[in-house]
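K.L.:
Next up is a structure, given as structure tokens.
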Amino acid sequence: MRLPAPSFLLSLFLLPMLPAQTVDELTATLAQAESLDDEAVGEGGVKSATYRTFEALRDKATKEQLLKLLEHGSPIVRGYAVRALADRKEQVDWLATLRRFATDAAPVKTFQGCILSDQLLGDALVEFARAQQLLTDEQWLDFAETLVEAKSKLFAREWALRNLKFRDGMLHMLRELAKDGDGPAHVALSRFCIGKDLPLLVAHLQRDDAFGDDTGFLAALQHHDPSLLPVLVALAPKARQKLAAGSTPQPRAWLMAIAAQQSAEAAGFLAAFLKATPADTPPHRDVVNLVKAAVVPYPGAAVFDEVRAELKRHARR
């Protein structure tokens, strides 16, 4: 049997005697890290050296030291300070803490499982806070307002505008942002369904690059005022161009906005759009699938019976 080398045995004997790293030393090590790692990373799902250093810092630092590290020059250290406070379930004003990162656009690499991504630190921490449920629903609205008011560069700002119903107190700011061409602000503004804001939305839909993103269509989907249908229908040639190029996200939102009208006129257009799509062209399958998806949310709406019949005919081709 092969015995361990004497030097290896000596290292095992001396290891417990080696002085533990100080908080400053652990912080300095993390400041040199290349990524903000989760607990299990890589194909083997193991703890990286960076994560083990974080664990040591989390277990050794005081609450006051961790709070101070929220201001550290390294985004990796700032990110791990937030995680440490959450892991230890410290009594922290999490809304105030996250607000400190509402404009933290420092670039970082995040390592989650086998995925290494480029993010902004603020976005990485918002994702972490959501996963850990650090804020209540009302606090998330407070934080969303902070993102908008601070003109944050984080993706979290766009996510909030696209997905949350803001309070009435934000209406004026959302309207001004929409006037300046802020697409996600149009989506947020449309949730109020105010008639006098329709001209803003119409102008957004009629811009040359209406299919450059889906914000105009998502806004129309929320508002679904009948006066929007002619504006949406007029965009059919541009939708055809997108579909011919193999791009479906914006046409999908466009068709959903039309179906949201739930009117005979909207149904007639959808059926006609299907009929005008030759079965021997590449976009045919996409059009069939997109129109089908557009009417799925309205299973009991008899107004779409003609569309469903047309879908069956195209499915047999």
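The values are calculated or read from the model by the stated rules, or taken from the named source; none is laboratory data. Predicted model, so just to flag it, every value in this text is computed and none were measured. Positions of Cβ are backbone-derived with ideal geometry, glycine not excepted, and every protein chain shown enters the neighbour counts.
K.L.:
Is there a residue in segment 191-210 that is within 24 Å of Pro299 (Cα to Cα), surrounded by fewer than 21 Cβ atoms within 10 Å (Cβ to Cβ) and acidic (Asp, Glu)?
P.N.:
No - not one qualifying residue is present in segment 191-210.
K.L.:
Any residue in segment 201-217 that's closer than 15 Å to Gln241 by Cα and of a type outside the set (Val, Ile, Thr): show its pairings with residues that are crowded, with 24+ Cβ neighbours inside 10 Å and modelled with pLDDT of 95 or more at Cβ separation under 6 Å, as long as the two are six or more apart or on different chains.
P.N.:
Listed by first residue and then by second, the contacts come to Ala210/Gly216.
K.L.:
Could you list, in sequence order, the residues of segment 84-94 that are surrounded by fewer than 21 Cβ atoms within 10 Å (Cβ to Cβ) and not polar (S, T, N, Q)? Show your work before the answer.
P.N.:
Narrowing segment 84-94 to residues surrounded by fewer than 21 Cβ atoms within 10 Å (Cβ to Cβ): 86-94.
Result: Ala86, Asp87, Arg88, Lys89, Glu90, Val92, Asp93, Trp94.
K.L.:
Right, something else. Please find, among Ala5, Ala40, Ala81, the residue that is modelled with pLDDT of 95 or more and of a type in the set (A, V, I, L, M, F, W, C). Show your work before the answer.
P.N.:
Numbers: Ala5 fails: modelled with pLDDT of 95 or more; Ala40 fails: modelled with pLDDT of 95 or more.
Sole residue among the options that is modelled with pLDDT of 95 or more and of a type in the set (A, V, I, L, M, F, W, C): Ala81.
Here's the yes/no breakdown for (1) under 27 Å from Trp159 (Cα atoms); (2) in a loop (DSSP other than H, G, I, E, B); (3) modelled with pLDDT of 95 or more:
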residue: Ala220; (1), (2), (3): yes, no, yes
residue: Lys242; (1), (2), (3): yes, no, yes
residue: Ala257; (1), (2), (3): yes, no, yes
residue: Ala267; (1), (2), (3): no, no, yes
residue: His284; (1), (2), (3): no, no, no
residue: Lys292; (1), (2), (3): yes, no, yes
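K.L.:
For residues that are assigned to a strand (DSSP E or B) and over 13 Å from the mean Cα position of the chain (by Cα), tally how many sit in segment 115-135.
P.N.:
Qualifying residue count, segment 115-135: 4.
K.L.:
How many residues does segment 222-237 contain that are under 16 Å from His186 (Cα atoms) and not in a helix (DSSP H, G or I)?
P.N.:
2
K.L.:
Does any residue of segment 176-184 turn out to be in the same structural domain as Glu265 (by TED's automatic domain parsing), modelled with pLDDT of 95 or more and under 22 Å from Ala259 (Cα atoms)?
P.N.:
Checked segment 176-184: at least one residue is in the same structural domain as Glu265 (by TED's automatic domain parsing), modelled with pLDDT of 95 or more and under 22 Å from Ala259 (Cα atoms).
K.L.:
Okay, next question. If you check Arg313 against the conditions, is it in the same structural domain as Gly246 (by TED's automatic domain parsing), at pLDDT below 95 and within 23 Å of Ser247 (Cβ to Cβ)?
P.N.:
No; evaluated as a whole, the condition is false for this residue.
K.L.:
Of all residues being under 26 Å from the mean Cα position of the chain (by Cα) and not aliphatic (A, V, I, L, M) in segment 62-80, which is surrounded by the fewest Cβ atoms within 10 Å (Cβ to Cβ)? Just the residue, please.
P.N.:
Glu71
K.L.:
Residues of segment 153-192 being assigned to a loop (DSSP other than H, G, I, E, B) and more than 24 Å from Gln119 (Cα to Cα), which ones?
P.N.:
Selection gives Lys165, Phe166, Arg167, Asp180, Gly181, Arg191, Phe192.
K.L.:
Can you tell me which of Thr103, Thr97, Thr27, Thr110 is surrounded by 15 or more Cβ atoms within 10 Å (Cβ to Cβ), in contact (Cβ under 8 Å) with a residue 24 or more places away in the chain, hydroxyl-bearing (Ser, Thr, Tyr) and farther than 27 Å from Lys151 by Cβ?
P.N.:
Thr27
K.L.:
Moving on. I'd like to know if segment 238-250 contains one or more residues that are surrounded by 16 or more Cβ atoms within 10 Å (Cβ to Cβ), under 26 Å from Pro184 (Cα atoms) and of a type in the set (A, V, I, L, M, F, W, C).
P.N.:
yes
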